[in-house]
Amino acid sequence: TTVDLQGLLADTMKQLKSVEISGLQGSDNELEFIEIMMKNSIVLEKMVLMRQYRSRIEKFCEKVENLPSACSSMRNYFYL
């Protein structure tokens, strides 16, 4: 059997109000995960993103800022 990971995550994420992710490197997989979270977290108000030591992820942060969000009041906080 296969597991629909995106569907499973979507159901769980509907309840998230605040998220903190540390150790970001700016990879495509990280961006995809954040995009799924933002699209499906209808009550998400705050997302704190922190980079991994010495990684340069400014362009990654720009991409995150341009992703659509299910919650219009959601705010991103980047710690670079």
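The values are calculated or read from the model by the stated rules, or taken from the named source; none is laboratory data. Small disclaimer: the values here were computed from a predicted structure and weren't measured. A quick note on method: Cβ atoms are made from the backbone with ideal geometry, for glycine too, and the neighbour counts reach across all protein chains shown. Accessible surface is based on the protein model in full, side chains and every heavy atom, while ligands, DNA and RNA are left aside. Shrake-Rupley method; radii C 1.70, N 1.55, O 1.52, S 1.80 Å.
Proximity of backbone amide H atoms, modeled 1.01 Å from N, is registered between VAL19 and LYS46, MET47, VAL48 at under 5 Å, excluding neighbours fewer than 5 places apart on the same chain. In this structure, the amide hydrogen of LEU24, modeled 1.01 Å from its nitrogen in the peptide plane, lies closer than 5 angstrom to those of MET50, ARG51, GLN52, counting only residues at least 5 positions away or on a different chain.
Nonpolar atom fraction for the stretch 21-66, defined as the carbon and sulfur part of the 1.4 Å probe accessible area, stands at 44 percent. Legend: residues ASP28, ASP11, sorted from most to least accessible area (1.4 Å probe; ligands, DNA and RNA excluded), read ASP28, ASP11. When all protein chains stay in place and ligands, DNA and RNA are ignored, the 1.4 Å accessible-area order of VAL43, VAL64, largest first, is VAL43, VAL64. Across the chain, the relative contact order, built from alpha-carbon pairs under 8 Å that are at least six residues apart, equals 35 percent.
Each residue, CYS71 and GLN15, gets one label point 7 Å from its Cα in the Cβ direction; the gap between the two is 1.4 nm. Per residue, the chain exposes 70 Å² of accessible surface when a 1.4 Å probe is rolled over the protein heavy atoms with every protein chain present. Scanning residues 5 or more positions from PHE78 or on other chains, those with amide H under 5 Å from its amide H are LEU49, with H placed 1.01 Å from N in the peptide plane. Helix-only arithmetic for the chain: the sum of -39500 (n - 2.57) across DSSP H runs with n ≥ 4, divided by the residue total, places the mean residue ellipticity at 222 nm at -11000 deg cm²/dmol. In loop segments of the stretch 13-78 as defined by DSSP, the chymotrypsin sites (Phe, Trp or Tyr not before Pro) with at most 15 further C-beta atoms inside 10 Å of their C-beta are TYR53.
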